[in-house]
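The values are calculated or read from the model by the stated rules, or taken from the named source; none is laboratory data. Everything numeric here is computed off the predicted structure, so don't read it as measured data. We place every Cβ from the backbone using ideal geometry, glycine too, and count neighbours over all the protein chains shown.
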Amino acid sequence: MAAKKPQGRARTRLYLITPPQLHVTEFVPLLDEALAAGDVACLQLRLKNTDNQAADEALIAEAIAQLMPVAHRHNVAFILNDNPELAAKYDCDGAHIGQDDMAYEAARAIMGDDKIIGVTCHDSKHLAMEAGEAGADYVAFGAFYDTQTKQAKSNADVDILSFWQEFVELPCVAIGGITPDNAAPLVAAGADFIAASGGVWQHGDGAAQAVRAFNEIFDATHEK
């Protein structure tokens with residue numbers, strides 16, 4: 001049985017990830033509508049080619065130029081996936097790195113002390129502890145559910161969130177196939193942030209309604 005979120009712990013927030021492929025200009029109004037629909041902590045720009053390789057710098061730069069101002073207008077932090085060099089070059093608010101991207105220390109040297117750096121830790125408490133001790137701003141666990149957005153390298157159990165909630169102050173993100181229909185157990189177990197991509201952009205009632213639905217779950221769990 002999932003543990004209840006302890007009193008005094010901050011309310012869970014939404015960590016929104018872009019679709020892996022998008023037409024930037026057409027995506028701007030959709031993003032604006034979604035961010036206006038409810039509380040969103042940050043937007044991660046995650047662009048991939050159809051072969052799942054990183055998009056070209058020109059496309060990433062165009063997306064940053066058009067989407068970061070939208071995020072900032074809604075007081076949403078703008079995070080670039082995988083590439084601290086480009087995140088620093090284009091003055092993003094932070095970068096998210098996987099285990100195969102680069103070491104945290106190298107990313108911090110590139111980004112500087114005032115930027116956000118998060119680290120993917122799959123289903124590993126050990127990797128998360130190492131990232132936290134090194135100075136990461138958050139760790140991400142997953143995948144908790146089947147996901148079509150990317151090929152998951154691990155399957156995480158909800159118990160890792162309960163453990164992290166009880167023993168570690170560093171914020172954790174739950175990721176992987178999360179939708180408004182299956183998020184509640186992860187929120188109750190202790191996820192500080194719920195990461196969603198397809199669960200928002202592919203929602204049957206639209207992205208804005210998905211953002212509202214996630215926030216209703218966060219509110220309901222926090223009030224218990």
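Counting only residues that are in a helix (DSSP H, G or I) and not acidic (Asp, Glu), region 128-180 holds 12 of them. In the set (1) surrounded by 21 or more Cβ atoms within 10 Å (Cβ to Cβ); (2) among the hydrophobic types (A, V, I, L, M, F, W, C); (3) in a loop (DSSP other than H, G, I, E, B), ALA107 fails one condition alone, (3). Would you confirm, using the coordinates I've provided, whether ASN182 is modelled with pLDDT of 95 or more, surrounded by 19 or more Cβ atoms within 10 Å (Cβ to Cβ) and among the polar types (S, T, N, Q)? The answer is no for ASN182.
For the criterion of being farther than 21 Å from LEU45 by Cβ, at pLDDT 95 or above, small (Gly, Ala, Ser) and not in a helix (DSSP H, G or I), ALA213 fails. Look at region 1-17: where a residue is farther than 15 Å from ILE194 by Cα and of a type in the set (Gly, Ala, Ser) and a partner is loosely packed, with under 14 Cβ neighbours inside 10 Å and modelled with pLDDT of 50 or more, sitting 6+ places away or on another chain with Cβ atoms under 8 Å, you get ALA3/GLU166. Looking across ALA63, ALA34, ALA58, one residue alone is surrounded by 14 or more Cβ atoms within 10 Å (Cβ to Cβ) and over 25 Å from PRO171 (Cα atoms). It is ALA63.
Contact map, region 154-177: first residue within 12 Å of MET129 (Cβ to Cβ), second residue of a type in the set (A, V, I, L, M) and surrounded by 17 or more Cβ atoms within 10 Å (Cβ to Cβ), Cβ cut-off under 6 Å, separation 6 or more or different chains; pairs are CYS172/VAL139. Checking ASP123 against (1) without any contact (Cβ under 8 Å) to a residue 40 or more places away in the chain; (2) in a loop (DSSP other than H, G, I, E, B); (3) closer than 21 Å to THR18 by Cβ, which single condition isn't satisfied? All conditions pass for ASP123, except number (3). Among the residues making up region 158-200, those that are closer than 24 Å to GLU33 by Cβ and touching a helix residue (DSSP H, G or I) at 6+ places or on another chain (Cβ under 6 Å) are ILE178, THR179, PRO180, ALA183, VAL187, VAL200. For region 79-104, a residue qualifies if it is of a type in the set (S, T, N, Q) and part of a loop (DSSP other than H, G, I, E, B), and the qualifying residues are ASN83, GLN99.
Only one of the listed residues (ALA207, ALA143, ALA213) is surrounded by 15 or more Cβ atoms within 10 Å (Cβ to Cβ) and touching a helix residue (DSSP H, G or I) at 6+ places or on another chain (Cβ under 7 Å). That residue is ALA207. When VAL211, VAL173, VAL200, VAL168 are screened for being more than 14 Å from the chain's Cα centre (by Cα) and among the β-branched types (Val, Ile, Thr), only VAL168 passes. In this structure, ALA65 does satisfy being in contact with a Phe, Trp or Tyr (Cβ under 9 Å, 6 or more places away or on another chain) and either of a type in the set (Ser, Thr, Tyr) or farther than 14 Å from CYS42 by Cα (or both). With respect to the conditions (1) at positive phi; (2) crowded, with 16+ Cβ neighbours inside 10 Å, ASN75 falls short on a single one, namely (2).
The set of residues from region 39-55 being surrounded by 12 or more Cβ atoms within 10 Å (Cβ to Cβ) and either among the polar types (S, T, N, Q) or assigned to a loop (DSSP other than H, G, I, E, B) (or both) comprises ASP39, VAL40, ALA41, GLN44, ARG46, LEU47, ASN49, ALA55.
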